[in-house]
Amino acid sequence: MTRKEASSTGGAKKQVTVTINGKKYPADEGEILLGVAVREKIAIPHLCYEPSLDPYGACRLCMVEVIKDGKREMTTSCTLRAAEGLEVVTDTPAIVKYRNVLFELYLAEAPKSEVIKEMAARYGVTKTRFLKKLDTTDSLGNKCVLCGLCVRACNEIMGAGAIGFVNRGPYTVVNTPYFEPTKDCFGCGACAKVCPTKAVEFEDRGSERVMTSWSGTKVPLARCDCCGGYYAPKALAISTLAHITPSLREEIAALCPVCRGRRIARDEILAGRGGGAGSHG
Amino acid sequence: MDEPTLDAIIARYDDPAGRLLGILGEIQDEEGYIPRESLAMLAEKLDVRLSQLYSLTTFYSYFSLTPVGDHVITVCMGTACHVKGAPGILEALEGMLGIKSDTSEDGKFSITTDDKKFTLEIARCFGACSMAPVLRIDGNLYGYATREDLPAILAEYGWEP
């Protein structure tokens, strides 16, 4: 089955038409408006929008104005659901004013974040009137905006719950309990993947993955039988393999993705030489 | 805290919703602070991540993760107490106990004397504004407090000049 068929048979969602800046766009009913805007390449700045998690509305940057019965109301487009006749406008003077203050606040909250600097500069904000938060001991390198995506990915997607918010108010940070290495971390790196400001860091050192942002938590890596290279966190490999059919499992458990690819290619070539029928009809 | 004591506390909460704060509060009341071992044990017993419990305990100023002194002095710094002179009370207490307020890295205000006899804390409001300024020592409330009253009050708890 092709991809197109799969998507059309998958969910028979009602199609609606939404209006963004006076132009009409198709959308699935209930679809997140920011998602529609991203798809249609309409620029709405955002940090905390992550399609794999429920909308949360933490960063407040994706503000739009909803026009309903002649009235306008500002709201976050990441928590707005597409419905027939929904009409929104972006970049109104009120939104620009609101958003520019937010950019200034973010420049102060995460002064080392290049992502934020670039995003703010795109909207003409290059300076902040607020006191910059510069803490040399910050394990997130003064790049974190506390949107909580890493905490939620760790909890809700991975089920690990290795990290959490610590303290309160201006003292809030994200880290492991007691700022010590934690056994709850799989080393999957989902936290780094979802981080909108690239604040979360980890690196692979030999047989270990070191979660430098998370109190130096160390996670052992799985080793490839063929090339001897380390390629994935061991615990994660084991738990992933549990869902895979036994015949595949052995092969995947032993080899890193590169060596596996090579073996598949080699097997294909050998099968082709043997005159076997092509499997990709 | 030993396991049976913790089990007894947990047993008092049959509804999983909102029980964490209640349990943590009881641990704190029992021990004076929340010992690390208790938190780890609780996480295991309730099948809750340690990171979640640590978030809760560091969020609320009520919880302490470090042992406190024999007597805990809490000065109310709520609006009414503030305008009625609570900062002066706090300053006087710091002088008497020989400690200096320094909001620690976690943003909580809690200092313990070197001899571990007294811990000085602040609170936002006791709800006893009519008696402002108010302070509390080991659960006993002292209203209409003045700097002059302090030596006599503290003497009740073994303080010597």
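Here B:G78 meets the list (1) under 23 Å from A:G169 (Cβ atoms); (2) within 14 Å of chain A (Cβ to nearest Cβ) almost entirely, failing just condition (2). Within the option set A:G228, A:G216, A:G141, being away from chain B (no Cβ under 13 Å), in contact (Cβ under 8 Å) with a residue 60 or more places away in the chain and surrounded by fewer than 21 Cβ atoms within 10 Å (Cβ to Cβ) holds for one residue only, A:G141.
Of all residue pairs spaced 6 or more apart or on separate chains, those with beta-carbon atoms under 6 Å, a first member in the range B:38-54 that is closer than 16 Å to A:G164 by Cα and within 8 Å of chain A (Cβ to nearest Cβ) and a second member that is open to solvent by less than 20 Å² (accessible area, probe 1.4 Å) and of a type in the set (V, I, T) are B:S51/A:I163. Of all the residues in the range A:252-267, those that are more than 18 Å from A:A222 (Cα to Cα) and of a type outside the set (G, A, S) number 5.
The residue of the range A:66-87 that is nearest to A:T17 (Cα to Cα), among those that are touching an Asp or Glu at 6+ places or on another chain (Cβ under 6 Å) and open to solvent by less than 80 Å² (accessible area, probe 1.4 Å), is A:A82.
Checked across the range A:185-198, the condition of being surrounded by fewer than 22 Cβ atoms within 10 Å (Cβ to Cβ), free of Cβ contacts under 8 Å to residues at least 60 places away in the same chain and at the interface with another protein chain (Cβ under 9 Å from one of its Cβ atoms) holds for no residue. Screening A:T19 against (1) modelled with pLDDT under 95; (2) farther than 30 Å from A:T197 by Cβ; (3) touching a strand residue (DSSP E or B) at 6+ places or on another chain (Cβ under 6 Å) leaves a single unmet condition, (1). Give the residues of the range B:81-122 that are in contact with a helix residue (DSSP H, G or I) (Cβ under 9 Å, 6 or more places away or on another chain), more than 14 Å from every other protein chain (Cβ to nearest Cβ) and under 22 Å from B:L65 (Cβ atoms), sorted by residue number. B:L97, B:I99, B:K100, B:S101, B:I111, B:T113, B:K117, B:F118, B:L120, B:I122, listed by residue number.
Results for (1) hydrophobic (A, V, I, L, M, F, W, C); (2) out of contact with any strand residue (DSSP E or B) (no Cβ under 9 Å at 6 or more places or on another chain), shown as yes or no for each residue.
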| residue | (1), (2) |
| --- | --- |
| B:S61 | no, no |
| B:V75 | yes, no |
| B:G85 | no, yes |
| B:E91 | no, yes |
| B:G107 | no, yes |
| B:C129 | yes, no |
| B:L135 | yes, no |
| B:E148 | no, yes |
| B:G158 | no, no |
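Among residues belonging to the range B:23-37 that are part of a helix (DSSP H, G or I) and crowded, with 18+ Cβ neighbours inside 10 Å, point out the one that is nearest to the other protein chains (Cβ to nearest Cβ).
B:L24
Of all residues in the range A:112-126, exactly one satisfies the criterion of being more than 21 Å from the chain's Cα centre (by Cα) and open to solvent by less than 30 Å² (accessible area, probe 1.4 Å), namely A:V125. Candidates in the range A:154-184 are the residues that are open to solvent by 70 Å² or more (accessible area, probe 1.4 Å) and in contact with a helix residue (DSSP H, G or I) (Cβ under 7 Å, 6 or more places away or on another chain); of these, the one that is farthest from the other protein chains (Cβ to nearest Cβ) is A:I157. Mind counting the residues in the range A:69-91 that are β-branched (V, I, T) and either under 21 Å from the mean Cα position of the chain (by Cα) or modelled with pLDDT under 95 (or both)? The total comes to 2.
Restricting the search to strands (runs of 3 or more DSSP E) fully inside the range A:54-110 and requiring at least 3 residues that are within 21 Å of A:C147 (Cα to Cα) gives A:71-76.
Filtering B:L39, B:L24, B:L46, B:L50 for residues that are more than 20 Å from the chain's Cα centre (by Cα) and at pLDDT 95 or above leaves a single hit, B:L50. Within the range A:53-65, the residues that satisfy the criterion of being at pLDDT below 95 and open to solvent by 70 Å² or more (accessible area, probe 1.4 Å) are A:D54, A:Y56.
The values are calculated or read from the model by the stated rules, or taken from the named source; none is laboratory data. Bear in mind that the values here come from a model prediction, so they are computed numbers and not experimental data. Every residue, glycine as well, gets a Cβ built from its backbone with ideal geometry; the counts of neighbours run over all protein chains shown. Ligands, DNA and RNA are excluded from the accessible area calculation, which covers all protein heavy atoms including side chains. Shrake-Rupley method; radii C 1.70, N 1.55, O 1.52, S 1.80 Å.
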